[in-house]
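Asks: Pasting a structure below so you can have a look.
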Amino acid sequence: MVTETGTTPEQPLPHNIPHHVAIIMDGNGRWAEARGLPRRAGHEAGTENLRRVIRAAVEFGVKILTIYAFSTENWNRPRWEVRALLHILENVIDRELDELNAEGVQLRHLGEPDRLPVKLQQKVRHAIELTRNNDRLILNIAFNYGGRDEIVRAVRRIIADGLPPEAITEDVISRYLYTAGLPDPDLIIRTSGELRISNFLLWQGAYAEYYATPTLWPDFDREEFRKALIDYCQRERRFGALAPPESAS
Ligand code: FPP
């Protein structure tokens with residue numbers, strides 16, 4: 001069917017869209033290089049795109065969106081680039097917080113705040129506090145985040161809390177992670193064609209579905225996001241078990 005404007009109408013999304021989507025936003029640098037621009041311009045374009053993807057997540061009914069913005073390994077990048085990424089996080093909070101709050105987005109931080117500049121730590125705390133009762137979308141920003149580091153810190157806290165060995169279960173460990181209280185990601189997307197997990201949600205991603213696309217992050221638009229969700233909806237998730245029998249007659 002073709003509409004009056006000559007476009008084909010969009011098919012509605014299936015009902016089983018993922019509740020929790022996590023994204024490794026990769027390819028900002030290559031996007032900039034391909035245009036003869038400095039890497040910083042790639043991160044700025046990536047930030048613009050993040051606004052589009054957050055909007056699309058709300059529109060599509062995704063309830064939790066987790067984005068990998070800065071890893072514990074990213075401190076090894078040149079100083080100017082680290083500073084630029086810290087600056088981008090500060091700008092996002094300064095410029096977008098009111099709108100995100102008005103849209104019902106709850107902001108959370110995954111990672112250790114201690115290595116961030118003190119002023120930025122305060123802004124992050126304020127953003128979390130201001131949006132804590134919002135429930136349209138939970139936006140987890142993984143910043144100074146590493147999956148192994150998260151598990152090490154969880155183990156240290158479990159020991160410090162004096163839990164005996166027999167009390168340690170998968171549920172207990174989950175409760176000591178940054179994502180405590182949240183369901184695991186259903187879908188993890190990585191842009192830019194790389195096929196690595198890069199220390200992202202190592203524990204939580206145990207049974208996530210993975211989706212990789214060659215599209216660079218600044219170009220991963222609403223349509224690309226929709227495609228990833230549809231791909232997910234067509235998969236059969238077994239969580240290590242067998243497929244249910246066709247009919248139990
Ligand atoms: C990886 O691309 C991307 C990052 C390390 C940063 C991602 C940050 C944003 C998209 C901006 C939004 C940020 C915040 C803080 C909300 P890359 O630079 O490794 O690209 P390359 O592999 O092509 O060099």
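Asks: Using a 1.4 Å probe on the protein chains only, how many percent of the accessible area of the stretch 110-249 belongs to carbon and sulfur? Walk me through the numbers on the way to the answer.
Replies: Values: 4220 of 8060 Å².
Heavy-atom surface of the stretch 110-249 belonging to carbon and sulfur, 1.4 Å probe: 52 percent.
Asks: Pick out which of Arg115, Arg226, Arg79 has the largest mean-square fluctuation in a Gaussian network model of the chain, springs linking Cα atoms closer than 10 Å.
Replies: Maximum fluctuation in the GNM of the chain, among the listed residues, is at Arg79.
Asks: Let me ask you something else. Using a Gaussian network model of the chain whose springs link C-alpha atoms within less than 10 Å, name the residue from Val62, Val155, Val53 with the highest mean-square fluctuation.
Replies: Ranking Val62, Val155, Val53 by mean-square fluctuation puts Val155 first.
Asks: Now a separate question. Sorted by accessible area with a 1.4 angstrom probe, largest first, how do Glu10, Glu166, Glu90 fall?
Replies: On the way: Glu10 90, Glu166 150, Glu90 35 Å².
These residues rank, largest area first, as Glu166, Glu10, Glu90.
Asks: Averaged per residue, what accessible area in Å² does the stretch 145-249 show with a 1.4 Å probe, protein chains only? Could the numbers behind the result be given before it?
Replies: Working: 6140 Å² over 105 residues.
So the stretch 145-249 comes to 59 Å² accessible per residue, rounded to a whole number.
Asks: Separate question: Largest first, what is the accessible-area ranking of Asp186, Asp171 with a 1.4 Å probe? Mind showing how you got there, number by number?
Replies: Values: Asp186 30, Asp171 105 Å².
My answer, sorted largest first, is Asp171, Asp186.
Asks: Follow-up. Say we join alpha carbon atoms closer than 10 Å with springs in a Gaussian network model of the chain; which of Glu150, Glu81, Glu236 then has the biggest fluctuation?
Replies: The residue with the greatest mean-square fluctuation here is Glu236.
Asks: Further question: For the chain, list the DSSP H helices whose alpha carbon atoms reach 15 Å or more along the long axis and whose average Kyte-Doolittle value is -0.5 or above?
Replies: Those that clear 15 Å and a mean of -0.5 are 79-102, 118-131, 147-160.
Asks: Can you tell me, using C-alpha contacts under 8 Å and at least 6 residues apart, the relative contact order of the stretch 42-127 as a whole percent? Please report the intermediate quantities before stating the final value.
Replies: Numbers: 21 pairs, mean separation 21.7, N = 86.
Over the stretch 42-127, the number comes to 25 percent.
Asks: Tell me, what is a quarter of the convex hull surface for the C-alpha atoms of the chain, in nm² with one decimal?
Replies: Hull-based average projected area comes out at 18.5 nm².
Asks: Sticking with this structure for a sec: Averaged per residue, what accessible surface does the stretch 1-79 expose to a 1.4 Å probe, in Å²?
Replies: 55 Å²
Asks: Same structure, new question: Not counting ligands, DNA or RNA, and with a 1.4 Å probe, what is Trp80's accessible surface area in Å² rounded to the nearest 10?
Replies: Roll a 1.4 Å probe over it and Trp80 shows about 120 Å².
The values are calculated or read from the model by the stated rules, or taken from the named source; none is laboratory data. Computed from a prediction, not measured in an experiment: that's the story for all the values here. Keep in mind that these areas ignore ligands, DNA and RNA; they rest on the heavy atoms of the full protein, side chains included. Shrake-Rupley method; radii C 1.70, N 1.55, O 1.52, S 1.80 Å.
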